[in-house]
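J.: The following block contains the structure, expressed as structure tokens.
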Amino acid sequence: MSENSARSVTVERTSTGHFLATNTRGGTISFGTGSDSEFTPVELLLAALGGCTAVDVDLATSRHAEPTAFSVEVSGNKINDELGNRLTDLAVTFTVTFPDGEGADRARTILPRAVKTSHDRLCTVSRTVEIGTPVTATIEDA
């Protein structure tokens, strides 16, 4: 394991049902239970799936041409069964267009391979979800 492999965020309660996640660089995002416009944890997971792959695909394609449209829709079904609450049928759908031109033609050619490579190898979030990684929950003495 390299010394730069550790990743972490801190989640703090701001009020009943409302939380603030802070990364090690000082960035923050608020979320909650879905009682207002804040993202829920499930929506943050969907955003992480789409965002991770979007970053990979954007880096691979935009060096050839700036897209005229770039969006990623991520969906899934939240169920409760014998395994507990979870998401099924996760789908990440890209809508990307490029202008006319030689660089744009290269970007269009690269796009399917970039999406596949991100999904199959690069996107830490989707790889973790697909492979499955145990999660440990503990209580630390205050």
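The values are calculated or read from the model by the stated rules, or taken from the named source; none is laboratory data. Small disclaimer: the values here were computed from a predicted structure and weren't measured. Note that each Cβ is placed from the backbone with ideal geometry, even for glycine, and that neighbours are counted across all protein chains shown. Each accessible area value is taken on the protein alone, full model and side chains, heavy atoms only, with ligands, DNA and RNA left out. Shrake-Rupley method; radii C 1.70, N 1.55, O 1.52, S 1.80 Å.
J.: Please name which of G103, N77, A47 has its Cα lying farthest along the dipole of segment 9-137 towards the positive end, using unit charges on Cβ (Lys, Arg +1; Asp, Glu -1) and the Cα centre as origin.
T.: So the residue we want is G103.
J.: What is the extension gain from H18 to K78, computed as 0.36 nm multiplied by their sequence separation minus the C-alpha to C-alpha distance, in nm to one decimal? Don't jump to the answer; show the numbers that get you there.
T.: Numbers: separation 60, 0.36 × 60 = 21.60 nm, distance 2.09 nm.
Separation in residues times 0.36 nm, less the Cα-Cα distance, equals 19.5 nm.
J.: To continue, here is another question. With each label point set 7 Å from Cα along the Cα-Cβ vector, what nm distance links T95 and D58?
T.: Label-label distance for T95 and D58, simple model: 1.7 nm.
J.: Given Cα pairs under 8 Å that are at least 6 residues apart, what percent is the relative contact order of the chain?
T.: Working: 170 pairs, mean separation 25.6, N = 142.
Dividing the mean separation by the residue count of the chain yields 18 percent.
J.: Excluding ligands and nucleic acids, what accessible area in Å² is computed for K116 using a 1.4 Å probe, to the nearest 10?
T.: Roll a 1.4 Å probe over it and K116 shows about 120 Å².
J.: Just reorder I79, I131, I29 by solvent-accessible area, largest first, 1.4 Å probe, all chains present.
T.: Details: I79 55, I131 120, I29 80 Å².
My answer, sorted largest first, is I131, I29, I79.
J.: Another question, if that's okay. For T10 paired with E140, estimate the spin-label separation in nm (one decimal), with each label point 7 Å from Cα along the Cα-to-Cβ line.
T.: 0.9
J.: What are the ³J(HN,Hα) values, in whole Hz, obtained from phi via the Karplus relation 6.51 cos²θ - 1.76 cosθ + 1.60 with θ = phi - 60°, for each residue of segment 34-51 in sequence order, with x given for Gly and Pro?
T.: x, 6, 9, 7, 4, 5, 8, x, 5, 5, 5, 4, 4, 5, 5, 4, x, x
J.: Taking the solvent-accessible surface of protein heavy atoms with a 1.4 Å probe, what is the per residue accessible area of segment 68-135 in Å²?
T.: Numbers: 4790 Å² over 68 residues.
That works out to 70 Å² per residue.
J.: I'd like the accessible area for D141, computed on protein heavy atoms only with a 1.4 Å probe and all protein chains in place. Round to 10 Å², please.
T.: 140
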